[in-house]
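One structure below.
The values are calculated or read from the model by the stated rules, or taken from the named source; none is laboratory data. Keep in mind it's a predicted model, so treat the numbers as computed, not measured. Cβ placement follows ideal geometry from the backbone for every residue including glycine, while neighbour counts extend to all protein chains displayed.
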Amino acid sequence: PLALDALKERINIELRDEQHKGRDTPSSKEMLGLRETLPAYKLKHEFLKAVKNNQVLVVSGETGCGKTTQLPQFIIEEEIESLRGTECNIICTQPRRISAISVASRISSERGENLGETVGYQIRLEAKRSEKTRLLFCTTGVLLRRLVHEPELIGVSHILVDEIHERGINEDFLIIILRDLLPHRPDLRLILMSATINAEMFSKYFGNAPIIHIPGFTFPVAEVFLEDLLEKSCYNIKSDSINFSGNSRRRRQMDQKKDTLTELFEEVDIDSHFKAYRSSTRRSLDAWSPSQLDLSLVEATIEYVCQYERDGAILVFLTGWDEISKLLDKIKSNSFLGNSNKFLLLPLHGSMPTINQREIFERPPSNMRKIVIATNIAESSITINDVVFVIDCGKAKETSYDALNKLACLLPSWISKASALQRRGRAGRVQPGVCYRLYPRIIYDAMPQYQLPEILRTLLQELCLNIKSLQLGNIASFLAKALQPPDPLSVQNAIDLLKIIGALDDTEELTPLGHHLCSLPVDPNIGKMLLLASIFQCLDPALTIAAALAHRDPFVLPLNRKEEADEAKRSFAGDSYSDHIALLRAFEAWQHAKRNGRERQFCWENFLSPITLQMMEDMRNQFCRLLSDIGFLNKGRGLKEYNVYSEDVEMVCAILCAGLYPNVLQCKRRGKRTAFYSKEVGQGLDQHIRLCFAPFWWNLLASQTGEGIEMLGGYLHFSASKSVLQLIQKLRWELDKLLQRKIEDPELDIPSEGKGVVAAAIELLNNPNVK
Ligand code: ADP
Ligand code: MG
């Protein structure tokens, strides 16, 4: 023990010396100057004292005040300085991958170190950390997974849960677990960090834990609503022309300016929108939904700011990647904005692999205006200091769940007032700013105060699986302890569904299938489809279909050419009568067209969205990596091994049905083969329900057969044609055995060990006598 103590002491001294050395580098000296100006810096001592004296602490403060980059840093500095470096092991959770990386690398450079030394990050499938790492940024999901093996988090000294005000489902879940853990780990410190929203609620949840508020400073930000925007442009012209009425050259300029402005906003027929809104009977938020119009309006507003406002970066809030890339395209072909020497266009989206740090945060070269086009990730996770103009579309993608109809969807919806204020605040970091709200004031007034927490508006299947894999006992009673517990009906629906898909048994315990699904962070139905596809060697088509289901349908439905679009889709489906097979064939044809350099034309002719197809390709890669991670795909073995039956439509359909079950419909057609449809109850829908995925098939079949469409009650009902689902049912025991063996031996080789099940499946599929 003495030798160990001596060793520890030596390391502690080394750590301190290194910390001092880091501080002496020129860049970290310069950064220290910046750090000291952050509001958080003034509360350093108060904060450290509160951490020392309390097990739980809530810190709230305006976005950008230095919570994420400074508070964990204060702790690590203090611990290393007092020669406790070896005992110090801090975890700070982030809701998004991209912010975990961005913050970790920022702090490393503030400390004059390389990323992965004392400060590192870990996100799913990617990490930069070392033996030396004492402060780890990770996604909330990563910490939750770690809790499976380390329920008490032995060795962790501090946990900081960031962006807690966002009320993400993972964070809400994590704090239930941590609240239960604290009494068993009296030495563990928990710090909850939130923007200036609802700090009291978290404090109450943790037995009135103390709150530290970091007072922030932001410059005033003028608010321009849609109606003001139009008037403002007129007003500017009027006042200018008064001032310069004597100057004819100036007046000519003004006249030109007026023409351009009128032109700018002419394309955007806002008046008709106001009229439609006023005449609608329900003056609710839904009555204002000019989605098509939004982007032209955004474009016009950017152009307006660039032409007539002072210097300063512009931050545009849109709802998702699709809109961002559409707007980028629009801007590139815009005669004024398309000039790439004058404008630095930067997209910022949570699913971007990494962000171009420098460009986003730094001031652009002189004579260039920075325009960042972002999703709500720029609302509080990432702060860009030099933003002076915010353009807010007022919407964000949000999941909503309807417990009665058991449906969830991910749709752009109006943000809350709290978010709207947050977005506005982004414009006043360095000087007074302007926030252009591309919606009328009446809409703002109708916005809810706060957004509903995610746990109350989403499907709970994945959460329920996680509760089981963390061995947290009865699902319903565990969830009753949440900050705002979900509706018991939603919880029951989720449990029922997990039982039906075979992830939970009758006693609500994990089955072997459920066990593997826990380690796949995707919707359980999609996860099941992927696992089965790996075993039954038809992975490639399953990846494509899963990508479309998890993201969205690549087929676009132009209103005026709907019949042509339907025909294009139908020709892809061939005689499979399946909309999933249609999208599979479409994707394959797109890949082919892309290789031949005729992607654009192909998409145009076949009513496909290139953006969605590209996103699907990215998701396919992501799914592959996840499957490799849990040992269901061994690339070293060659992808062929996993695709032996990829061209076998019967096999693919079997896997599809087994995966999506019970959201499968059977449509009977007398005489001929049976066609089936799936009603996806997952997320990522552009229509309200996935049932509308291919409404035309639906109507077509209903009208041709004259028979009703019925919801299937169980696997066996699906045996009408070649018994694809009976197959899965019959093989269930063997499958379970295989999956169980895979738990016991994670190295188990699926292609060779699964041979028996696959052979049995093929025999069944080829046996015409099976009923
Ligand atoms: P909070 O967590 O309170 O919102 P942060 O700690 O994230 O605040 O940010 C504090 C300051 O550090 C902000 O002014 C922000 O712009 C700056 N900052 C954060 N990350 C970076 C980075 N990667 N590069 C440059 N500046 C950054
Ligand atoms: Mg932060």
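Filter the stretch 94-127 for residues that are more than 16 Å from ligand 2 (Cβ to nearest atom), charged (D, E, K, R) and over 22 Å from Cys624 (Cβ atoms) and give the result.
Residues satisfying the conditions are Arg111, Glu113, Glu117.
Leu174: at pLDDT 95 or above, away from ligand 1 (no atom under 16 Å from the Cβ) and in contact with a helix residue (DSSP H, G or I) (Cβ under 9 Å, 6 or more places away or on another chain), yes or no?
yes
Kindly indicate the residue of the stretch 189-213 that is at pLDDT below 95, within 12 Å of ligand 1 (Cβ to nearest atom) and touching a helix residue (DSSP H, G or I) at 6+ places or on another chain (Cβ under 6 Å) and also nearest to Glu171 (Cα to Cα) among those meeting that condition.
Filtering the stretch 189-213 for residues that are at pLDDT below 95, within 12 Å of ligand 1 (Cβ to nearest atom) and touching a helix residue (DSSP H, G or I) at 6+ places or on another chain (Cβ under 6 Å), the one nearest to Glu171 (Cα to Cα) comes out as Ser194.
Can you pull out every residue in the stretch 387-413 that is within 18 Å of the chain's Cα centre (by Cα) and modelled with pLDDT under 80?
Glu398, Thr399, Ser400, Tyr401, Ala408, Cys409, Leu410, Leu411, Pro412, listed by residue number.
Hey, Ser291 hits all of (1) of a type in the set (S, T, N, Q); (2) at pLDDT below 80; (3) within 15 Å of Ile373 (Cα to Cα) but one; which does it fall short on?
Status for Ser291: all satisfied but (3).
Within the stretch 60-83, can you find the residues that are under 28 Å from Ala418 (Cα atoms) and either away from ligand 1 (no atom under 15 Å from the Cβ) or in contact with a Phe, Trp or Tyr (Cβ under 7 Å, 6 or more places away or on another chain) (or both)?
Gly66, Gln70, Leu71
Being within 16 Å of ligand 1 (Cβ to nearest atom) and charged (D, E, K, R) is the filter here; which residues of the stretch 142-171 pass it?
Answer for the stretch 142-171, where residues must be within 16 Å of ligand 1 (Cβ to nearest atom) and charged (D, E, K, R): Asp162, Glu163, Glu166, Glu171.
For the stretch 19-35, indicate whether the set of residues that are among the aliphatic types (A, V, I, L, M) and either modelled with pLDDT of 95 or more or over 29 Å from Glu379 (Cα atoms) (or both) is non-empty.
no
Looking only at the stretch 49-93, which residues are within 11 Å of ligand 2 (Cβ to nearest atom) and of a type outside the set (A, V, I, L, M)?
Gly61, Glu62, Thr63, Gly64, Cys65, Gly66, Lys67, Thr68, Thr69, Gln70, Pro72, Cys92
Among the residues of the stretch 145-169, count how many are away from ligand 2 (no atom under 16 Å from the Cβ) and under 17 Å from the mean Cα position of the chain (by Cα).
Of the residues in the stretch 145-169, 1 are away from ligand 2 (no atom under 16 Å from the Cβ) and under 17 Å from the mean Cα position of the chain (by Cα).
Across the stretch 17-66, what is the number of residues that are in contact (Cβ under 8 Å) with a residue 12 or more places away in the chain, within 16 Å of Glu110 (Cα to Cα) and polar (S, T, N, Q)?
4
Could you list, in sequence order, all residues of the stretch 414-430 that are of a type outside the set (Lys, Arg), assigned to a helix (DSSP H, G or I) and within 21 Å of the chain's Cα centre (by Cα)?
Passing the criteria: Ala418, Ser419, Ala420, Gln422.
Exactly one condition in (1) buried (at least 22 other Cβ atoms within 10 Å of the Cβ); (2) in a loop (DSSP other than H, G, I, E, B) is not met by Val388; state its number.
With respect to (1) buried (at least 22 other Cβ atoms within 10 Å of the Cβ); (2) in a loop (DSSP other than H, G, I, E, B), Val388 is out only on (2).
For the list (1) modelled with pLDDT under 90; (2) surrounded by 21 or more Cβ atoms within 10 Å (Cβ to Cβ); (3) of a type outside the set (A, V, I, L, M), I need the number of the one condition that Glu362 fails.
All conditions are met except number (2).
Matching residues to (1) touching a residue at least 60 places away in the same chain (Cβ under 8 Å); (2) among the β-branched types (Val, Ile, Thr); (3) surrounded by fewer than 18 Cβ atoms within 10 Å (Cβ to Cβ); (4) within 16 Å of Cys393 (Cβ to Cβ):
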{"site": "Arg429", "(1), (2), (3), (4)": "yes, no, no, no"}
{"site": "Gly433", "(1), (2), (3), (4)": "yes, no, no, no"}
{"site": "Tyr436", "(1), (2), (3), (4)": "yes, no, no, yes"}
{"site": "Asp445", "(1), (2), (3), (4)": "no, no, yes, no"}
{"site": "Gln449", "(1), (2), (3), (4)": "no, no, yes, no"}
{"site": "Glu454", "(1), (2), (3), (4)": "yes, no, no, no"}
{"site": "Leu460", "(1), (2), (3), (4)": "no, no, no, no"}
{"site": "Leu465", "(1), (2), (3), (4)": "no, no, no, no"}
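Can you tell me which residue within the stretch 84-112, out of those that are more than 14 Å from ligand 1 (Cβ to nearest atom) and over 17 Å from Val156 (Cα atoms), is surrounded by the most Cβ atoms within 10 Å (Cβ to Cβ)?
Once the filter is applied, the top-ranked residue is Arg97.
Condition check ((1) out of contact with any Asp or Glu (no Cβ under 9 Å at 6 or more places or on another chain); (2) in a helix (DSSP H, G or I)) across all residues:
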{"site": "Pro448", "(1), (2)": "yes, no"}
{"site": "Glu462", "(1), (2)": "no, yes"}
{"site": "Gln492", "(1), (2)": "yes, yes"}
{"site": "Asp496", "(1), (2)": "yes, yes"}
{"site": "Leu513", "(1), (2)": "no, yes"}
{"site": "His516", "(1), (2)": "yes, yes"}
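Looking at Lys370, is it modelled with pLDDT of 85 or more and part of a strand (DSSP E or B)?
Yes.
Can you find a residue that is of a type outside the set (Ser, Thr, Tyr), surrounded by 17 or more Cβ atoms within 10 Å (Cβ to Cβ) and more than 15 Å from ligand 2 (Cβ to nearest atom) anywhere in the stretch 29-41?
Yes, the conditions are met somewhere in the stretch 29-41.
Checking Gln19 against (1) of a type in the set (S, T, N, Q); (2) over 23 Å from Glu171 (Cβ atoms); (3) within 15 Å of ligand 1 (Cβ to nearest atom), only one condition comes out false. Which one?
(3)
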